[in-house]
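A.B. asks: Supplied in structure tokens, the structure appears directly below.
Nothing in this text is a laboratory measurement; each read-out follows from the coordinates by a stated rule. This structure is a prediction, so every number in the text was calculated from the model and none was measured. Backbone-built Cβ (ideal geometry, glycine too); neighbour counts: all protein chains shown.
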């Protein structure tokens, strides 16, 4: 199943600027689920997918950046500050 969607989401008419267009390919099962969820929320499937991406993208970017920071500096941080102590909670 394929949906066309614009970003940022126009589901509630909040955005009036330029948009980037994506085409999303997914299994028929996922497409049916999206279509049903969109209908339950009273929006078009493309707008529903756009809203999901917009809602989850900041978290994804944060977690990806945090993991990159750990991968890049984790060893140096551990060498500088040592292992966590038993009487302190690990960060």
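A.B. asks: What is the packing order of peptides 41-49, 25-33, taking the mean over residues of other C-beta atoms within 10 Å and listing the highest first?
C.D. replies: 41-49, 25-33
A.B. asks: Subtracting the Cα-Cα distance from 0.36 nm times the residue separation, let me have the gained length for residue 30 to residue 53 in nm, one decimal.
C.D. replies: Gain on extension, residue 30 to residue 53, equals 6.8 nm.
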